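The values are calculated or read from the model by the stated rules, or taken from the named source; none is laboratory data. Owing to the predicted nature of the structure, the values given are computational and were not obtained by experimental measurement. Using ideal geometry, Cβ is built from the backbone for each residue, glycine included, and neighbour counts are taken over all protein chains shown. Just so you know, the surface numbers come from the protein's heavy atoms only, side chains and all, with ligands and any DNA or RNA stripped out. Shrake-Rupley method; radii C 1.70, N 1.55, O 1.52, S 1.80 Å.
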Amino acid sequence: MATSRFRKHPLAVLTAVSLLPLALLSNQAFAECERGDLDTLYCDENGDLVADRPGDESEWANPDTLIFAYTPVEDPAIYSDIWQPFIDHLSEVTGRDVRFFAVQSNAAQVEAMRSGRLHIAGFSTGPTPFAVNLAGAVPFALMGSDDGQFGYTLQMFTHVDSDIESLEDLQGKRVAHTSPTSNSGNLAPRALLPELGIVPDEDYQVVYSGSHDQSMLGVVARDYDAAPVASEVVERMAARGLYDEEDVRLIYESDRFPTTSYNYAHNLHPDLVEKIEEAFFTFDFIGTELGEEFDGVEKFIPINYKDNWQVIRTIQAANGVSYTRANLE
């Protein structure tokens, strides 16, 4: 079966293996149907909050080449190598050539799936509802442990030498949030911190760093007074030696949230979807670069968007988030 080792893939690769022009993605775009928050391209007749597979079998996509993308990270080239064992496994199980695409932003990743140029993707926690509603993404898996545990926490860090000892000390400070759509990096602090007596943009100045990595490195360099970040990201950064844990101080940690969701495009052929799910749920992390990178992760576990993203939707609703392309960008 075909396998392929790729390091970097320009957007032209995606265009070359495009599934369908956007206008032909689905006749559902012009149909009257139940859709909830979904874009008019999609329908949700069964009420599971994700896009239904098109009713017309001629619209089912069954590409020879599958494009896989992981959420935007500071150094995409490193993650291309880290994901390669899984890419090889996915190729073997599906019998398709599989290519890794290094995305540069959440908006670009969502747009690629919306336009039919991206078939399987890991979307960050906060952008997942945008992918579901704007791109027809169907979340089906998370990384977890053998006992079924998964997720991450929102952590607030400051420099170890700062005068900030608690959330109350953030008054008048300059705090790095990651991006407007990020859950732990922006939306969760805006929803959770006011209940603890500190209001972003009122009690402290919010500046956007662009990523969890940049937020954390900015705290270490004292470019920012503090930063809310995802625990799983800073743990991986520390493991790679990107910062010294002794240079920062943890002043707050939330309850756990779901982590990166793994999705397939809603219009993929059901036989292909079955093989994709088989590949995820049979992948063995032990002894792979992926297993080393995601410490404590032992397998992919099945999830569904309606249940597992309820807390995230609640946080986003509290922030007045609507799932539009303008808000994603």
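Any residue at all in region 305-318 that's open to solvent by 50 Å² or more (accessible area, probe 1.4 Å), at pLDDT 95 or above and closer than 29 Å to residue 86 by Cα?
Within region 305-318, one or more residues are open to solvent by 50 Å² or more (accessible area, probe 1.4 Å), at pLDDT 95 or above and closer than 29 Å to residue 86 by Cα.
Just to verify a result, which residue in region 16-59, among those that are β-branched (Val, Ile, Thr) and either within 14 Å of residue 116 (Cβ to Cβ) or open to solvent by less than 30 Å² (accessible area, probe 1.4 Å) (or both), is modelled with the highest pLDDT?
Once the filter is applied, the top-ranked residue is 50.
Looking at region 142-165, which of the residues that are more than 15 Å from residue 256 (Cβ to Cβ) and within 29 Å of the chain's Cα centre (by Cα) is surrounded by the most Cβ atoms within 10 Å (Cβ to Cβ)? Write out each step before concluding.
So in region 142-165, the residues more than 15 Å from residue 256 (Cβ to Cβ) come out as 146, 156-165.
Restricting the remaining residues to those that are within 29 Å of the chain's Cα centre (by Cα) gives 146, 156-159.
On the way: 146: 9, 156: 24, 157: 27, 158: 25, 159: 19.
Checking each candidate, the answer is 157.
Taking the condition of a type in the set (S, T, N, Q) and open to solvent by less than 10 Å² (accessible area, probe 1.4 Å), does residue 80 pass?
yes
Suppose the filter is modelled with pLDDT of 95 or more, open to solvent by less than 50 Å² (accessible area, probe 1.4 Å), assigned to a strand (DSSP E or B) and in contact with a Lys or Arg (Cβ under 7 Å, 6 or more places away or on another chain); does residue 207 pass it? If you could, list the steps in order and put the result at the bottom.
On the way: modelled with pLDDT of 95 or more: yes; open to solvent by less than 50 Å² (accessible area, probe 1.4 Å): yes; assigned to a strand (DSSP E or B): yes; in contact with a Lys or Arg (Cβ under 7 Å, 6 or more places away or on another chain): yes.
When the stated conditions are applied, residue 207 passes them.
Per-residue answers, yes or no, for (1) in contact (Cβ under 8 Å) with a residue 60 or more places away in the chain; (2) assigned to a loop (DSSP other than H, G, I, E, B); (3) β-branched (Val, Ile, Thr):
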position: 281; (1), (2), (3): yes, no, no
position: 286; (1), (2), (3): no, yes, yes
position: 290; (1), (2), (3): yes, no, no
position: 311; (1), (2), (3): no, no, yes
position: 315; (1), (2), (3): yes, no, yes
position: 326; (1), (2), (3): no, no, no
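Keeping to region 221-253, report how many residues are buried (at least 18 other Cβ atoms within 10 Å of the Cβ) and assigned to a strand (DSSP E or B).
Adding up the residues that qualify gives 8.
Checking residue 135 against (1) under 14 Å from the mean Cα position of the chain (by Cα); (2) more than 25 Å from residue 235 (Cβ to Cβ); (3) open to solvent by 40 Å² or more (accessible area, probe 1.4 Å): exactly one of these is not met. Which one?
(3)
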